[in-house]
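The values are calculated or read from the model by the stated rules, or taken from the named source; none is laboratory data. Given the structure is predicted, the values throughout are model-derived calculations rather than measurements. Here the Cβ positions follow ideal geometry from the backbone for every residue, glycine too, while neighbour counts run over all protein chains shown. Calculation scope for accessible area: heavy atoms of the full protein, side chains included, ligands and nucleic acids excluded. Shrake-Rupley method; radii C 1.70, N 1.55, O 1.52, S 1.80 Å.
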Amino acid sequence: MPQINPPLEQYDEIFSWPVPEFDKHERSRAWYIGAIIFALVVLAYSFWTANFLFVVIIVLAAVVMMLNDNREPDKIKFAITGEGLIIGKKFIDYDDLKNFSIVYKPRQGVKKLYFEFKNVVRPRLSIYLDNMNPLPIRETLLNYLPEDLERENEPLSEQLGRLFKI
């Protein structure tokens, strides 16, 4: 039987702030030229090796990037409560989370709060801290979740995404 959560308004928020729904990168004209050249090279290789599924994947990725390129990310509400997290209209119970970590390096442009799920199939949750002070957030989360002290930098996937602006 599915668990029924109370309406989101019934949870007492300890901290809340708006977060962008995705990272928006500023891309130069050179980036677009490089991306087109890369896509054409990969498409040519895919045709040469008769890997038509890869052709479809490359074309779909290009279409999705073009559609999202002119769109500004919506701001959604993120909240930390005594029972779990609220992201937009979704509630995540602390029981579903394995741990949290904070990577706060403002000089490098990294101010993020990370949550790992117990279910390995679910991706890591990355929340931009914006102008929030990470110390009271950390102190609060320690009451509910263990902290991953080994994470000192943002994950490689996010570093590469920022580097390549994807």
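Out of (1) of a type in the set (Asp, Glu); (2) under 30 Å from Asp96 (Cβ atoms); (3) surrounded by 10 or more Cβ atoms within 10 Å (Cβ to Cβ), the odd one out for Glu9 is which?
(3)
Scan segment 80-92 for residues that are in a strand (DSSP E or B) and surrounded by 13 or more Cβ atoms within 10 Å (Cβ to Cβ) and jot them down. If you could, list the steps in order and put the result at the bottom.
In the first step, residues of segment 80-92 are kept if they are in a strand (DSSP E or B); the result is 80-81, 84-87, 90-92.
Selection gives Ile80, Thr81, Gly84, Leu85, Ile86, Ile87, Phe91, Ile92.
Based on this model, can you work out whether Leu60 counts as open to solvent by 80 Å² or more (accessible area, probe 1.4 Å), farther than 26 Å from Leu163 by Cβ and out of contact with any Cys (no Cβ under 6 Å at 6 or more places or on another chain)?
Working: open to solvent by 80 Å² or more (accessible area, probe 1.4 Å): yes; farther than 26 Å from Leu163 by Cβ: no; out of contact with any Cys (no Cβ under 6 Å at 6 or more places or on another chain): yes.
No: the conditions fail for Leu60.
Would you be able to tell me the number of residues in segment 21-31 that are assigned to a helix (DSSP H, G or I) and open to solvent by less than 60 Å² (accessible area, probe 1.4 Å)?
Of the residues in that region, 1 qualify.
Before we move on, is Ser126 of a type outside the set (Asp, Glu), under 12 Å from the mean Cα position of the chain (by Cα) and in a strand (DSSP E or B)? Steps first, please.
Details: of a type outside the set (Asp, Glu): yes; under 12 Å from the mean Cα position of the chain (by Cα): yes; in a strand (DSSP E or B): yes.
When the stated conditions are applied, Ser126 passes them.
When you scan segment 99-131, how many residues do you find that are in contact with a Phe, Trp or Tyr (Cβ under 9 Å, 6 or more places away or on another chain), surrounded by 15 or more Cβ atoms within 10 Å (Cβ to Cβ) and not β-branched (Val, Ile, Thr)? Steps first, please.
Start the filter on segment 99-131 by keeping residues that are in contact with a Phe, Trp or Tyr (Cβ under 9 Å, 6 or more places away or on another chain), which leaves 99-103, 110-116, 123-131.
Applying the additional criterion that residues be surrounded by 15 or more Cβ atoms within 10 Å (Cβ to Cβ) yields 99-103, 110-116, 125-129.
From what's left, not β-branched (Val, Ile, Thr): 99-101, 111-116, 125-126, 128-129.
Number of matching residues: 13.
State all residues of segment 32-79 that are assigned to a helix (DSSP H, G or I), among the small types (Gly, Ala, Ser) and under 30 Å from Ile92 (Cα atoms); if no residue qualifies, say none.
Narrowing segment 32-79 to residues assigned to a helix (DSSP H, G or I): 32-48, 52-69.
Adding the requirement that they be among the small types (Gly, Ala, Ser) leaves 34-35, 39, 44, 46, 61-62.
Answer for segment 32-79, where residues must be assigned to a helix (DSSP H, G or I), among the small types (Gly, Ala, Ser) and under 30 Å from Ile92 (Cα atoms): just Ala61.
Restricting to segment 132-166, and then to whatever is within 23 Å of Leu85 (Cα to Cα) and among the basic types (Lys, Arg), can you tell me which residue is most open to solvent (accessible area, probe 1.4 Å)?
Arg138
So which residues in segment 110-156 are hydrophobic (A, V, I, L, M, F, W, C), at pLDDT below 90 and in contact with a strand residue (DSSP E or B) (Cβ under 7 Å, 6 or more places away or on another chain), if there are any at all?
Val110
Can you tell me which condition Asp69 does not meet? The list is (1) in contact with a Lys or Arg (Cβ under 9 Å, 6 or more places away or on another chain); (2) surrounded by 12 or more Cβ atoms within 10 Å (Cβ to Cβ), and all the others hold.
Of everything listed in (1) in contact with a Lys or Arg (Cβ under 9 Å, 6 or more places away or on another chain); (2) surrounded by 12 or more Cβ atoms within 10 Å (Cβ to Cβ), Asp69 misses just condition (2).
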